[in-house]
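Following this message is one structure expressed as C-alpha cells.
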Amino acid sequence: MWAGKKLGFIGGGNMGGALTKGVLKAGLLEPSSILIGDISEERLDFLAREYQVQTTESNTEVVKNCDVIILAVKPQVMAAVLEGIKDVVEDRHLLISIMAGVKLATISSVLSKEVPMIRVMPNTPALVLEGASAIACGAKATDEHKELALSIFSAVGEVVEVEEKLLDAVTGLSGSGPAYILLVIEALTDGGVMAGLPRPVASKLAIQTTLGAAKLMAETGLHSAALKDQITSPGGTTIYGLEVLESGGARGLLMQAVQTATKRSEELGKKT
C-alpha cells in the first residue's frame, strides 16, 4: 500500500509529531520517507533528532516531494497555507486535513482544483497512541486513499468512518471528550483526598480506575450498563454513590456538554 510513497506533513506540531511517531512505530514507512514542514526551526530540529525524518521550512517542498500530504495547521492560517501550495498540488496527491472545523469544500475552493481529499478529526490521546479518530472521505478519494488514511490514524489509536456532516458531533464527543474525562479524574482524586487519601495515592487510583473501566468495556464488548450492574450490589457502596450522581444530573450534564461542544464546532466551521 505504501510502496514507493512518501508522507508529508504541513505543520509539525503535537499532532504531526504524534502521527509521525505512530507511523514509524507501526512500520508503515522508514524515516527517510517522511518529510515534515514547519515554520519553527527549533521544532524541526527536535523532530529530526527524535525521529530521524527529513524536515523543511518550505511547504511547497513538502508537496513536491510527497504523495500523501497531511494538513496539520491551525484553521486560522489555512487560507495562507493553501494559497502557498495550490500551484504545486496535483491529482497524484492525497490531501488529508486535520484542521478542526474546516470543510473539504472550503479547502477545495481555495485550491481551485479537485484533488483527492480526506478530512480527519483526531484527538489528543493520539500523543500516547491511544487516540480516537473519525475520517470522512471526499468525492475523489478512492478505496486506496481511504486505506492509506486508515493505516495512518490506526497507528495512533482507533478509527471510525463517518459522513463529513457528522464530524462536528465527533468533535463534541471524542475531540472535546478527553477534557471531560480529565475533569472526572480530577474530581475523583479530590473526592479521595476528602476521604483522607494522600493526593498522590488518590490520583494514581483515579487514573488507573478510569483506564481499567475503559479497558474492561473495550475488551469484554459488554454494554456499559451491564458492566455497571455487575459492580453495583444491592444496598452496597456503589449504588449509594450512583444515586448521588444521578440526582445531581451527572449523566444529563455530560450529554449536554457533548451537544454544546458540537454546536460550537458548527459555529466555528461557519466562521472559517
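What size of dipole, in debye to the nearest 20, comes out for the stretch 1-64 about its Cα centre when the only charges are +1 on Lys and Arg C-beta atoms and -1 on Asp and Glu C-beta atoms?
The dipole magnitude comes to about 340 debye.
Which shape class, rounded, prolate or oblate, goes with the stretch 1-143 when its Cα gyration tensor gives a ≥ b ≥ c as root eigenvalues, a/c under 1.5 marks rounded, and past that a/b bigger than b/c marks prolate?
rounded
Another question, then. Show me 246-252, 203-209 ranked by packing, highest mean number of other Cβ atoms within 10 Å first.
Output ranking for 246-252, 203-209: 203-209, 246-252.
Can you give the calculated 222 nm mean residue ellipticity of the chain, where each DSSP H run of n ≥ 4 adds -39,500 (n - 2.57) and the sum is split over every residue, rounded to the nearest 500 deg cm²/dmol?
Rounded to the nearest 500, the figure is -16500 deg cm²/dmol.
Moving on. If you work out Cα extents along the principal axes in Å from the coordinates, which of (1) 59, 50, 36; (2) 68, 38, 31; (3) 79, 50, 48 do you get?
Computing Cα extents along the principal axes in Å and matching it to (1) 59, 50, 36; (2) 68, 38, 31; (3) 79, 50, 48 gives (2).
Classify the stretch 177-258 from the C-alpha gyration tensor, please: rounded if a/c falls under 1.5, else prolate or oblate depending on whether a/b exceeds b/c.
It is rounded, given that a/c, with a ≥ b ≥ c, falls under 1.5.
How much accessible surface area, in Å² rounded to 10, belongs to the heavy atoms of HIS223 with a 1.4 Å probe?
Surface open to solvent at HIS223 totals about 120 Å².
With the cut-off at 1.5 for a/c, could you classify the stretch 6-86 from its C-alpha gyration tensor as rounded, prolate or oblate?
Here the stretch 6-86 falls in the prolate category.
Straight-line reach from LYS25: which lysines have a Cα under 24 Å away, not including same-chain ones fewer than 8 places off?
Within the straight-line cut-off, LYS25 pairs with LYS5, LYS6, LYS146, LYS215.
I've got another one for you. Using a 1.4 Å probe and counting only protein heavy atoms, arrange SER133, SER33 so the residue with the most accessible area comes first.
Greatest to least solvent exposure: SER33, SER133.
Could you list log10 I(q)/I(0) for the stretch 86-196 at q = 0.11 Å⁻¹, which the Debye formula gives when each Cα is one point scatterer?
-0.43
Just to confirm, what accessible area per residue do you get for the chain at 1.4 Å probe, in whole Å²?
55
Another one. Using a 1.4 Å probe and ignoring any ligands, DNA or RNA, find the accessible area of ILE96 and quote it in Å² to the nearest 10.
Answer for ILE96: close to 0 Å² accessible.
Roughly how much of LYS74 is accessible, in Å² to the nearest 10, using a 1.4 Å probe?
For LYS74, solvent-accessible area is about 140 Å².
A follow-up question, please. Which GluC sites (Glu not before Pro) in the stretch 78-162 pass both tests, a DSSP loop state and at most 13 other beta-carbon atoms within 10 Å?
Sparse-neighbourhood loop GluC sites (Glu not before Pro): GLU90, GLU114.
Where the accessible area of the chain is counted over protein heavy atoms with a 1.4 Å probe, how much of it, in %, is carbon and sulfur?
Here carbon and sulfur together make up 58 percent of the probe-accessible area.
Next question. Quick check: the angle from helix 41-51's long axis to the longest principal axis of the chain, C-alpha only, nearest 10 degrees?
Computed tilt is about 70 degrees.
While we're looking at this one, here's another question. Positive end of the charge dipole of the stretch 45-146 (Lys, Arg +1 and Asp, Glu -1 on Cβ, about the Cα centre): tell me which of VAL88, PHE46, ILE135 has its Cα farthest that way.
ILE135
Oh, and also: Using only alpha-carbon positions, what ratio does the radius of gyration of the stretch 29-74 give when scaled by 2.2 N^0.38 Å?
That ratio works out to 1.07.
The values are calculated or read from the model by the stated rules, or taken from the named source; none is laboratory data. In this text the structure is predicted, and so the values were computed from the model without any measurement. As a convention, Cβ positions derive from the backbone with ideal geometry for all residues, glycine included, and neighbour counts pool all protein chains shown. Surface areas here come from the heavy atoms of the whole protein model, side chains and all, with no ligands, DNA or RNA. Shrake-Rupley method; radii C 1.70, N 1.55, O 1.52, S 1.80 Å.
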